[in-house]
Amino acid sequence: MQTLIFLLLTFLLVIFSVLLYFKTKHKRVSKLNSGECPNCGEKSRTFFDEKTNTTFKNEAITKRVLKNHGCQGVIEFEYRCKHCGLKEVHPQGQ
């Protein structure tokens, strides 16, 4: 009986740990897509020049395509922070 309870608790712990991992990974990728660095917290800045009425945007995160696996495949993106040097690769579906 004790073994059964221990196995059930272990199973629930593993399930919730996996769900927490995917939730934090999804949150990190959404921060990177929005232009905020999850490591240093730097965000993109917008400047407005009043003389020329021009808006300049200084991005903190650069995003480039590493691999594109065709029409049905996933696309791998590389995210790089200009301030802290963070470099991450994440696959995303279409």
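Restricting to region 1-57, give me the number of residues that are more than 30 Å from Glu78 (Cβ to Cβ) and in contact with a His (Cβ under 6 Å, 6 or more places away or on another chain).
Selection size over region 1-57: 0.
Before we move on, is Glu76 free of Cβ contacts under 8 Å to residues at least 40 places away in the same chain, open to solvent by less than 60 Å² (accessible area, probe 1.4 Å) and under 23 Å from Phe22 (Cα atoms)?
Taking the combined requirement at face value, the residue satisfies it.
Only one of (1) in a loop (DSSP other than H, G, I, E, B); (2) touching a residue at least 60 places away in the same chain (Cβ under 8 Å) fails for His90. Which number is that?
His90 satisfies all of (1) in a loop (DSSP other than H, G, I, E, B); (2) touching a residue at least 60 places away in the same chain (Cβ under 8 Å) except (1).
The values are calculated or read from the model by the stated rules, or taken from the named source; none is laboratory data. All values reported here derive from a predicted model rather than from experimental measurement. For neighbour counting, all protein chains shown are included, and Cβ atoms are generated from backbone atoms with ideal geometry for every residue, glycine included. These accessible areas exclude ligands, DNA and RNA; they are computed on the full protein's heavy atoms, side chains included. Shrake-Rupley method; radii C 1.70, N 1.55, O 1.52, S 1.80 Å.
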